[in-house]
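Working notes, beginning with the structure itself.
What follows draws every value from the coordinates through simple rules; no lab data is involved. Remember, predicted model here, so these are calculated numbers, not experimental data. Ideal geometry is used to build each Cβ from the backbone, glycine not excepted, and the neighbour counts take in all protein chains shown.
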């Protein structure tokens with residue numbers, strides 16, 4: 001009798017994830033992002049300038065349509081969809097790491113290994129941003145009733161000089177923080193992962209959340225860096241986005257490569 005040998009499938013290299021990275025690692029990501037930004041910077045700066053122009057157009061549209069009452073939620077929502085907008089910057093960093101040529105066109109027309117899964121995540125993040133904007137309007141109505149929005153000229157006095165205003169700021173910050181934390185956790189590594197690997201959107205988002213949870217100190221530091229640079233950009237009338245956005249985009253790619261080994 002002939003013995004048929006057992007067929008053993010070839011071993012595959014298991015996925016390796018970094019855990020418990022020190023909080024100082026975030027500044028190394030920022031330095032690596034700056035190196036990518038300053039390597040043939042025209043493409044990255046042009047990308048950031050395009051984001052600045054689009055953001056300026058959205059703000060102008062809000063005022064033109066009389067929707068200035070959702071300006072602050074929209075600015076907060078920018079951080080929700082930011083990881084999707086930075087896909088082209090991830091592509092430049094990916095090509096630089098592999099020694100491949102790149103151009104502004106290759107950054108705009110990206111071909112992700114996961115196909116349209118990035119678009120699917122983008123739609124989910126846009127829906128999450130819309131829910132946050134609606135929640136902000138409801139919070140305003142709960143504290144101030146159905147009175148019309150007083151306009152940006154008077155809103156500061158209404159918020160900072162009245163007990164009701166302070167209460168609304170606290171509640172709004174807590175609710176907004178929950179939205180921001182959730183969107184950050186599911187997207188910060190998901191978009192680079194979908195660009196670089198072949199997997200589905202839900203797996204990428206779940207993996208991103210797990211990576212954030214297992215590297216909480218450094219991710220809290222990274223979140224603070226992102227928030228600080230974004231606020232600095234707002235202080236310049238969003239002009240700072242021309243440099244800040246590509247810097248954060250390139251740095252996020254290096255964050256992904258550091259935790260997804």
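Listed by Cβ neighbour count within 10 Å, with the fewest neighbours leading, 197, 100, 91 appear as 100, 197, 91.
If R0 equals 25 Å, the separation of the Cβ atoms of residue 39 and residue 109 corresponds to a calculated FRET efficiency of about 0.80. Once the mean of 1/r is taken over each pair of separate Cα atoms and inverted, the range 39-256 shows a Kirkwood hydrodynamic radius of 18.5 Å.
Mean residue ellipticity at 222 nm, helices only, the chain: -24500 deg cm²/dmol; runs of at least 4 DSSP H residues each add -39,500 (n - 2.57), and the sum is divided by the number of residues.
At q = 0.16, 0.22 Å⁻¹, work out log10 I(q)/I(0) for the range 84-134 with the Debye formula, treating every Cα as an identical point scatterer and leaving solvent out; two decimals please. Cα-only, vacuum Debye calculation for the range 84-134: -0.54, -0.81. Gain on full extension, evaluated as 0.36 nm per residue between residue 123 and residue 224 minus their Cα-Cα distance, stands at 33.8 nm. Can you give me the Kirkwood hydrodynamic radius for the range 98-212, using every pair of distinct Cα atoms, in Å to one decimal? Radius from the Kirkwood sum: 17.0 Å. Computed from the alpha carbon positions, the gyration tensor of the range 156-205 leads to an equivalent ellipsoid with semi-axes of 38, 9, 5 Å, biggest first. Pairs of Cα atoms nearer than 8 Å and 6+ residues apart set the relative contact order; for the chain it is 40 percent. Over all pairs of different C-alpha atoms in the range 171-261, the reciprocal of the mean inverse distance, the Kirkwood hydrodynamic radius, equals 14.0 Å.
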